[in-house]
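To keep things clear, I will list the structure first and then write my remarks on it.
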Amino acid sequence: MTMPAEDIVRITYHGKDQKIGQTLVGYYSQRLIRKAEEGLARNKLRDSKSQVPYLMGGIEVEEHRAFWRPERLLPFSLICVVSLIGVMVFLGVLEWADPSFKSERQVARYLGLPIIGTLPDLNKISAALDAEHSSQEGAPIE
């Protein structure tokens, strides 16, 4: 129940079944009007024309899906946490079960041979040379 204006009360139903909503809104609308009339009669204000409660128009039913409701927060949070934990466990198992070598030291230990030399990562060397070259271009010439 909301009051969009000072003298108007709006009763709404949020649920799955349209017929039940229409029935409940109609029942509570009539009950609210009847209670307001009883209150006016009890206070002897029934003679005033401006204070007579009445139902404006018929019952309007709008159907729409609610994207978010507060009661959905706990299940949504649980699903997110369980999914995140599941993905992290899955990735951990994949990484642990991966038989590939991660470094030169692993290869040396596996083969039982010493490391004589390695090929450097040329991408890192290229990035370092580019950074050095661009810093020299911005420096003033003496």
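The values are calculated or read from the model by the stated rules, or taken from the named source; none is laboratory data. Owing to the predicted nature of the structure, the values given are computational and were not obtained by experimental measurement. Don't worry about glycine lacking a Cβ; one is built from the backbone with ideal geometry, like all the others, and counts go over all protein chains shown.
General observations
Quick grid of which residues meet (1) surrounded by 10 or more Cβ atoms within 10 Å (Cβ to Cβ); (2) of a type outside the set (Ser, Thr, Tyr); (3) at pLDDT 90 or above:
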residue	(1), (2), (3)
63	no, yes, no
69	no, yes, no
76	yes, yes, yes
85	yes, yes, yes
88	yes, yes, yes
107	yes, yes, no
112	no, yes, yes
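- Checked against the criteria, residue 99 does not count as outside the structural domain of residue 16 (by TED's automatic domain parsing), loosely packed, with under 10 Cβ neighbours inside 10 Å and modelled with pLDDT under 85.
- Close Cβ contacts (under 7 Å, 6 or more residues apart or on different chains) running from residues in the range 21-40 that are touching a residue at least 12 places away in the same chain (Cβ under 8 Å) to residues that are hydroxyl-bearing (Ser, Thr, Tyr) comprise 21/13; 25/13; 33/54.
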